[in-house]
Amino acid sequence: NNVYSSIGSAVYHGGILEAKKRFANHFTVLANYTFSKAIDDVTDFNSDYSPFDATCLRCDRSLSDFDQRHKVVLAGVFASPFEQSRIFSGFELAPIFSYNSGHPFNLLAGADVNSDGHFTNDRPPGAGRNTGLGPSFTDFDLRLSRAFKLGEKASLMFTAEGFNLANHTNYSSVNNVVGPDFAAPFTVHGNANLYPNQPLAFTAAFPARQIQLGVRLSF
């Protein structure tokens, strides 16, 4: 039988540093840094994520699945200063760079290590919860637009947007089933040189470079 109880606990500590500056009417920059730490003893209201030892909930107290130690965002908006020029007026450039450190992941044995009839949450003997650290995320996006006035109230805007312009491979998940014989050290990372069916190999990635064009008519 599965028993569900609302006895989980969690704590979050975080600090944010942000700077924003607008220069004249054509140049705005934003810088944001978040340092945080999230700790809990439960993953979700789901029996597949129940504690390894149901009699010792504190033994599963560790970093949360959504713990993210560092997050950096740099962004800007650059508007064309040539307002009177028929060729160069109306342009706007908006780049954004973001970096996130990796999320923890739980090492799984893939077997009923403690003989409780439930194997989906069992870890290798001696391994704590969420001792693995997933891949970081780095992204650079860019948006270029130009607006045209069509009379007093109407306007037409053309946009070109690029996502992950550097085409950087951002892995999204790790094969965390390492087997019951996996031994210490348990503080591990994913490995891009392994095949997806191997333990600690990356199994998926976020989208590669994407570019989209658009037009908007306002009236």
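The values are calculated or read from the model by the stated rules, or taken from the named source; none is laboratory data. All values derive from a computational prediction rather than experimental measurement. Cβ: placed from backbone, ideal geometry, glycine included. Neighbour counts: every protein chain shown. Please note that ligands, DNA and RNA were not included when accessible areas were found on the heavy atoms of the full protein model with its side chains. Shrake-Rupley method; radii C 1.70, N 1.55, O 1.52, S 1.80 Å.
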* To do: Identify the trypsin sites (Lys or Arg not before Pro) of the range 112-164 meeting these criteria: DSSP loop state and at most 13 other C-beta atoms within 10 Å of the C-beta.
  => K153
* To do: Give, to the nearest whole percent, the P(r) tail of the chain beyond 30 angstrom, counting all Cα pairs.
  => 45 percent
* **Mean separation of Cα contacts under 8 Å, 6 or more apart, over the residue count of the chain: relative contact order %** => 15 percent
* Structure fact -> Scalar couplings 3J(HN,Hα) for the range 76-81 by Karplus 6.51 cos²θ - 1.76 cosθ + 1.60 (θ = phi - 60°), nearest whole Hz, x for Gly and Pro, are x, 10, 10, 9, 5, x
* Structure fact -> Treating only Lys and Arg (+1) and Asp and Glu (-1) as charged, each at its beta carbon, one finds that the range 112-189 has a dipole about its Cα centre, in Debye to the nearest 20, of 560 debye
* With all protein chains present, how much of the accessible area of the range 119-219 (probe radius 1.4 Å) comes from carbon and sulfur, to the nearest whole percent? -> 60 percent
* Give the range of the longest stretch in the chain that excludes all GluC sites (Glu not before Pro) found in loop regions by DSSP and having at most 13 other beta-carbon atoms within 10 Å. => 1-82
* Asked: For the range 1-88, which whole percent of the accessible surface, found with a 1.4 angstrom probe, sits on carbon and sulfur atoms?
  -> 58 percent
* To do: Filter the trypsin sites (Lys or Arg not before Pro) in the range 1-95 to those in DSSP coil with at most 10 other Cβ atoms within 10 Å of their Cβ, and list the result.
  => R86
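In the chain, what % of DSSP beta bridges are antiparallel (nearest 5)?
On the way: 65 of 68 bridges.
If we restrict to bridges inside the chain, about 95 percent are antiparallel.
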* To do: For the range 101-219, report the accessible area per residue in Å² (1.4 Å probe, heavy atoms, rounded to an integer).
  => 59 Å²
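For K21 and F91, FRET efficiency with R0 = 35 Å and r from the beta-carbon atoms, rounded to 0.05? Write out the running numbers ahead of the final one.
Numbers: r = 21 Å, r/R0 = 0.59.
After rounding, the FRET efficiency stands at 0.95.
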* About the Cα centre of the range 80-219, how large is the charge dipole given +1 on each Lys and Arg Cβ and -1 on each Asp and Glu Cβ? Please answer in debye to the nearest 20. => 660 debye
* Asked: Setting aside same-chain residues fewer than 8 positions from K37, which aspartates and glutamates have a Cα under 14 Å from its Cα?
  -> D65, D67
